[in-house]
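Okay, structure first, notes after.
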Amino acid sequence: MSRRARILALHGGLLAVLFAAQFVLPAYHHGNLARIMVLASYALGYNLLFGYTGLLSLGHALFFAAGMYGMALSMQHLEAAPAPALLAGLAAGIAVSALLGLLALRTAGVAFMIVTLMFAQAGHLTILYFGEWTRGDEGFVIAATRRVLWGIDLADPVSRYFAAWGLFAVCLLSTLWLVRRPFGKVLIAIRENEERVRMLGYDPFLHKLGALVVSGTMSAAAGAVYGLLFGYAGATFASVQYSIFPLLWVLLGGAGTVLGPFVGTLFMFYLIDLASGVTTAYMLIAGVVLVALTLFAPQGLMGEVRRRLWGWLP
């Protein structure tokens, strides 16, 4: 079997398994997996910037929240239907990521991390400041009767699952396609040696800006869909916590691997879920496991699989 065929079989097989899981999972895990797929889509967006381009952002919650609030505010205050509300969330993500990219990419390294963190905190504080419109930390609920897209009731667990699966499938296949294209190869080259890329005649700034916009748009799509499927938007999703989560998911699953974000999100979600059933100090258990993984699988779970078994993994 050729490398291309193996890659398509592996990623297509994962999507097929997730599709079939809808029919056999109990209600609790059914709901969990729907949430995991949306959050994994967010992590896929983050991985494109961090894992493939080598830009460590500490402000990705800004994009997630931009998509969520672009969707939710247009439904709450403009009486928009779900379809145009989702488009508003995507537009907000594109605009915010392009603006942040034009400003933040003038820096590099630690400075880039700090600038993205500052922008994300500014976004969080803006949501809190305009609490009359956003309801701040309290947030607001999107009524189930309004979450009907093209006649499909997204408040229904089955419809919600398939919507989450659809988003994840689009993000996964888009990432797989992008990183195998010349644009994706240039991003990987920038991660490895930016000066050499410049010597070869490519413009690193434009490629990094493109990566940031695609990453921010994918993250915003995840935020908009999350708010619509689960019927809630709140300032918590714009906090530092939601900028750190995708970093942890990507590191655990394997930065620079297409499947890593999903594996990392799934692993961490159930690690915390199972540990919280054992003790109230569940974060201590989670912390010990995370430290052990960092020591014994420094490239992440899928990164180690690629290093030890399947060197063809993208």
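Order of 19-29, 118-128 by packing, highest average Cβ count within 10 Å first?
Details: 19-29: 11.3, 118-128: 17.8.
The packing order, highest mean first, is 118-128, 19-29.
How big is the equivalent ellipsoid of segment 51-116 along its three axes, where each semi-axis is √(5λ) from the Cα gyration tensor, reported in whole Å from largest to smallest?
29, 10, 9
Using the crude model of +1 on Lys and Arg Cβ and -1 on Asp and Glu Cβ, and no other charge, please compute the dipole size for segment 3-240 relative to its Cα centre, in debye to 20.
900
Under the 0.36 nm per residue contour assumption, what length would be gained going from the current alpha-carbon distance of residue 27 and residue 81 to full extension?
Between residue 27 and residue 81, full extension yields 16.6 nm more.
For the chain, what is the relative contact order in percent, using Cα pairs closer than 8 Å and at least 6 residues apart in sequence?
31
So how do 279, 257 line up by other beta-carbon neighbours within 10 Å, fewest first?
Listed from fewest to most nearby Cβ atoms, that is 279, 257.
Listed highest first by mean packing, meaning other Cβ atoms within 10 Å per residue, what order do 230-238, 265-273 come in? Mind dumping the intermediate values first?
Details: 230-238: 21.1, 265-273: 18.1.
By packing density, highest mean first, the sequence is 230-238, 265-273.
Starting from 0 in steps of 10 Å, tell me what percent of the Cα-Cα pairs of the chain lands in each bin.
Once binned at 10 Å, the Cα pair distances of the chain give 6, 26, 35, 24, 7, 1.
Of 295, 111, 168, which is farthest on the positive side of the dipole of the chain, counting Cα position, with +1 on Lys and Arg Cβ, -1 on Asp and Glu Cβ, and the Cα centre as origin?
Final value for the positive-end residue is 295.
For a test of the definition: using alpha carbon positions, the gyration tensor, and the 1.5 limit on a/c, classify segment 44-174 as rounded, prolate or oblate.
On the way: a/c = 2.53, a/b = 1.43, b/c = 1.77.
Note, shape of segment 44-174 comes out oblate.
What ratio of Cα Rg to 2.2 N^0.38 Å holds for segment 1-85?
Details: Rg = 17.3 Å, N = 85, 2.2 N^0.38 = 11.9 Å.
That works out to 1.46 for segment 1-85.
How would you order 185-193, 157-165 from highest to lowest mean count of nearby Cβ atoms within 10 Å? Walk me through the numbers before you get to the answer.
Values: 185-193: 17.3, 157-165: 19.3.
Order by mean packing, descending: 157-165, 185-193.
We did not get these values from a lab; they are worked out from the coordinates using the rules stated. If you're wondering where the values come from, they're calculated on a predicted model, not measured in any experiment. Virtual Cβ from ideal backbone geometry, glycine too; neighbours counted across all protein chains shown.
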